[in-house]
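A short worksheet on the structure shown next.
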Amino acid sequence: DAARASGAAAAAPPPSSPLPLAAPTEEASEQVSEADLDQRLRWQLDYYFSSENLRLDTFLMRMLGEKANAPMPIGVIAALPRVTALTEDLGRIVRVIRTMDMLRVSDDGRNVRRSVPLIDFRADSSTC
């Protein structure tokens, strides 16, 4: 067809989000939206605390220290703009972080840190 001949790909939904066959019930919508919210929060936190982002994010690096794994108050994470846009529920934030390999929550649930220190690749740049 013309779209394929011109190299244009037809827009299709991603395989992980199939089109619904019928309108979801209110209960099903709440379950999906809760799971979706947790996933979005997890993705955002993965990004914020990724090595790639931390190398550029002076605020988070200042909070996390030189190796980027000093404890940070959960309230600081909850106040990050894109986290706040998703939820203000500290319990949800702690629960989601506890499912992540990258981050660790303190036993009292008040602080978070990276599981693995940030490797400073700038120190090795002279050997390349």
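Where a number appears in this text, it was derived from the coordinates with a stated rule and is not lab data. Small disclaimer: the values here were computed from a predicted structure and weren't measured. Counting neighbours? That spans all protein chains shown, and the Cβs are built from the backbone with ideal geometry, glycine included.
What's the local net charge at Asn111, with K and R +1, D and E -1, over the other residues with C-beta under 15 Å away?
Spelling it out: positives minus negatives among the neighbours equals +3.
If packing is taken as the average number of other Cβ atoms within 10 Å across a peptide's residues, how do 95-105, 53-63 rank, most packed first?
95-105, 53-63
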